[in-house]
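> Questions regarding the structure given below will be posed in turn.
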Amino acid sequence: MTVSIELMNKNMIDRQLKPIGINNELILDAFKSVPRELFVDKDKISIAYHEGNIEIKEGRWLLSAGLIGRLINSVSISKEDVILEIGSCTGYATAILEKLSSLVVGVEKDDELRNNANDLLSKIGADSSIIIEGEHILGNLKSAPYDKIFIFGSVKSIPNEMFDQLADNGRIICGIKDQSNSRSYGKAVVFKKNKGIVNSSTIFNVNIPNMFGFDHKSIFEF
């Protein structure tokens with residue numbers, strides 16, 4: 001028996017998001033209204049709503065809805081927020097954030113991923129989002145400052161340039177782990193900037209795939 005997309009979407013809400021404490025109706029509505037199946041290859045549509053992360057291409061991942069939801073739910077997002085998203089990949093998390101904020105600027109190094117993501121965002125009417133070309137580790141100074149910066153992946157550290165792009169009382173949400181240590185499990189961390197001083201707090205332990213482009217050497221490789 002073939003399970004409908006509508007039922008898979010409903011099961012994602014009821015069995016993946018709500019049981020882990022995501023009860024904010026705005027967040028749930030955002031996940032409900034964004035068709036996750038559009039953001040994977042056609043041969044992966046049947047697993048689009050499964051609980052695990054989906055590898056889009058080598059080293060690039062669409063995180064599970066539960067993991068994206070937990071990261072978004074870890075901070076308070078307002079409809080006035082301007083958000084920077086690093087490593088937008090297929091644009092799924094971009095589309096979710098667009099439903100919750102004023103503007104989302106994504107940075108995606110991969111031309112194919114970026115172009116496809118922008119096409120999808122246009123197709124579903126996510127008009128308050130744009131994904132631009134750039135080095136992930138550099139962020140995007142042009143539209144700074146940002147109220148929130150999301151990195152839906154793990155990095156070893158956050159460069160100072162990215163903190164400079166964060167508004168006062170803004171937050172960076174990401175995974176942190178020692179990428180040189182294969183046994184490093186990792187954690188989800190929120191960095192908060194207050195009057196130029198940055199503090200961090202761990203929100204939960206989790207193994208998030210590494211975010212492409214945070215190896216400093218990659219900037220200088222041609």
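The values are calculated or read from the model by the stated rules, or taken from the named source; none is laboratory data. Owing to the predicted nature of the structure, the values given are computational and were not obtained by experimental measurement. We place every Cβ from the backbone using ideal geometry, glycine too, and count neighbours over all the protein chains shown. SASA here: full protein model, heavy atoms, side chains in, ligands and nucleic acids out. Shrake-Rupley method; radii C 1.70, N 1.55, O 1.52, S 1.80 Å.
> For the list (1) open to solvent by less than 60 Å² (accessible area, probe 1.4 Å); (2) acidic (Asp, Glu); (3) touching a strand residue (DSSP E or B) at 6+ places or on another chain (Cβ under 9 Å); (4) free of Cβ contacts under 8 Å to residues at least 60 places away in the same chain, I need the number of the one condition that Asp41 fails.
(1)
> What's the number of the only condition in (1) part of a helix (DSSP H, G or I); (2) within 22 Å of Ile130 (Cβ to Cβ); (3) more than 11 Å from the chain's Cα centre (by Cα) that Leu28 fails to meet?
(2)
> List pairs: first residue in region 185-204 and open to solvent by 40 Å² or more (accessible area, probe 1.4 Å), second residue among the hydrophobic types (A, V, I, L, M, F, W, C) and outside any strand (DSSP E or B) anywhere in the structure, Cβ distance under 6 angstrom, at least six positions apart or on different chains.
Close Cβ pairs satisfying both conditions: Val198/Phe163.
> Looking at Leu97, Leu141, Leu71, Leu120, can you tell me which residue is hydrophobic (A, V, I, L, M, F, W, C), within 18 Å of Phe214 (Cβ to Cβ) and in contact (Cβ under 8 Å) with a residue 40 or more places away in the chain?
Leu71
> Here is a follow-up. Of the conditions (1) open to solvent by 50 Å² or more (accessible area, probe 1.4 Å); (2) basic (Lys, Arg); (3) within 18 Å of Leu97 (Cβ to Cβ), Lys57 clears all except one; give me its number.
Among (1) open to solvent by 50 Å² or more (accessible area, probe 1.4 Å); (2) basic (Lys, Arg); (3) within 18 Å of Leu97 (Cβ to Cβ), Lys57 violates only (3).
> Run Gly91 past the list (1) open to solvent by 40 Å² or more (accessible area, probe 1.4 Å); (2) among the small types (Gly, Ala, Ser); (3) without any contact (Cβ under 8 Å) to a residue 60 or more places away in the chain; (4) in contact with a helix residue (DSSP H, G or I) (Cβ under 7 Å, 6 or more places away or on another chain) and report the number of the one that doesn't hold.
If we test Gly91 against (1) open to solvent by 40 Å² or more (accessible area, probe 1.4 Å); (2) among the small types (Gly, Ala, Ser); (3) without any contact (Cβ under 8 Å) to a residue 60 or more places away in the chain; (4) in contact with a helix residue (DSSP H, G or I) (Cβ under 7 Å, 6 or more places away or on another chain), just (1) comes out false.
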